[in-house]
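Down below is the structure, laid out as structure tokens.
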Amino acid sequence: GIRGYRTQEVLKDITFDIKQGEFFGIVGKNGSGKSTLLKLISQIYTPNTGTIEADGKLVPFIELGVGFNPELNVYLNGAMLGFSNDEIDAMYDDIVEFAELGDFMEQKLKNYSSGMQVRLAFSVAIKSQGDILVLDEVLAVGDEAFQKKCQNYFFEAKRNKKTVILVTHSMPDVRRYCDRAMLIQDGYIAKIGDP
């Protein structure tokens with residue numbers, strides 16, 4: 001006979017709005033459903049029920065190397081993320097400079113260390129001029145100098161009223177950057193409001 005299976009519901013009755021220009025934090029313990037929620041917002045996953053509406057171009061920076069193929073270079077990866085060659089041309093120098101990868105740009109990504117890959121992915125995400133930036137725990141990566149650069153970028157994004165969704169374990173980061181935050185526990189929204 002066919003064995004039964006148990007459906008695991010990761011997120012339950014989650015409803016929230018993020019306003020344009022808001023820096024919005026999502027916090028919760030490991031396993032609470034944060035990353036799943038991020039993948040739904042980023043349209044990497046499709047919800048079984050309910051809808052997700054994003055008004056504008058959304059650029060996700062989720063896990064290390066999501067959307068990166070190790071055999072390819074920056075142009076081909078950019079194309080896979082939906083950018084035209086002209087668009088990549090326009091942001092190429094900025095990406096390389098921000099990621100501090102000038103000497104390595106001719107190489108395939110498989111030759112990059114994980115730190116180099118993450119700097120590249122983060123640089124592509126922030127230089128790509130999307131309307132909504134979705135970031136998962138980026139500050140945990142890279143050396144101190146790169147983290148500082150990321151922090152400066154966040155303050156700049158805040159000043160420029162860019163819409164940013166930040167999933168993090170760091171309450172200091174939530175207090176530092178976020179206008180509002182949401183705490184997820186066991187797939188439910190436990191609280192939403194002032195950081």
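3J(HN,Hα) couplings calculated from phi for region 163-172 with the Karplus curve 6.51 cos²θ - 1.76 cosθ + 1.60 (θ = phi - 60°) are, in sequence order, 7, 10, 10, 10, 9, 8, 9, 9, 5, x Hz; Gly and Pro show x. Under a 5 Å amide H to amide H cut-off, with H placed in plane at 1.01 Å, what residues pair with Val167 once short-range neighbours are removed? Distant-sequence amide H within range of Val167: Ile26, Leu135, Asp136, Glu137.
Within the straight-line cut-off of under 14 Å between alpha carbons, the aspartates and glutamates reachable from Lys161 are Glu22, Asp131, Asp179, sequence neighbours fewer than 8 places apart in one chain being disregarded.
By average Cβ neighbour count within 10 Å, what is the ranking of 44-50, 55-61 from highest down? List each step's numbers first, then the result.
Numbers: 44-50: 10.7, 55-61: 16.0.
Descending mean neighbour count gives 55-61, 44-50.
In the full protein context, region 87-195 carries 50 Å² of accessible surface per residue, based on a 1.4 Å probe and ignoring ligands, DNA and RNA. For Phe23, the residues 5 or more places off, or on other chains, whose built amide H falls under 5 Å of its own are Val164, Asp179, Arg180. A simple packing score, the average count of other Cβ atoms within 10 Å per residue, orders the peptides 152-162, 176-186 as 176-186, 152-162, with the highest score first. Cross-link reach is defined here as a Cα-Cα straight distance under 25 Å, omitting same-chain residues fewer than 8 places apart; for Lys110 the lysines meeting it are Lys39, Lys127, Lys149.
Give the average over all directions of the projected area of the C-alpha convex hull of region 142-195, one decimal, in nm². Each step should come with its number before you reach the end.
On the way: hull surface 17.3 nm².
Projected area, direction-averaged: 4.3 nm².
Bridging of Lys108 to aspartates and glutamates at a Cα separation below 14 Å is possible for Glu71, once same-chain residues fewer than 8 apart are set aside. Distance distribution note for region 87-180: the fraction of Cα pairs above 22 angstrom is 28%.
Per the 1.4 Å probe, what fraction of the accessible area of region 135-190, in percent, lies on carbon and sulfur atoms? Its accessible area is 50 percent carbon and sulfur atoms. Close amide H contacts of Gln185 (hydrogens built in the peptide plane, cut-off under 5 Å, sequence separation of 5 or more or a different chain): Ala190. For the pair Gln20 and Ser114, label points projected 7 Å from Cα toward Cβ lie 3.9 nm apart.
The values are calculated or read from the model by the stated rules, or taken from the named source; none is laboratory data. Because the structure is a prediction, the values reported are computed rather than measured. Please note: Cβ atoms are built from the backbone with ideal geometry, for glycine as well, and neighbour counts cover all protein chains shown. These area figures cover heavy atoms from the full protein model, side chains too; ligands, DNA and RNA do not enter into them. Shrake-Rupley method; radii C 1.70, N 1.55, O 1.52, S 1.80 Å.
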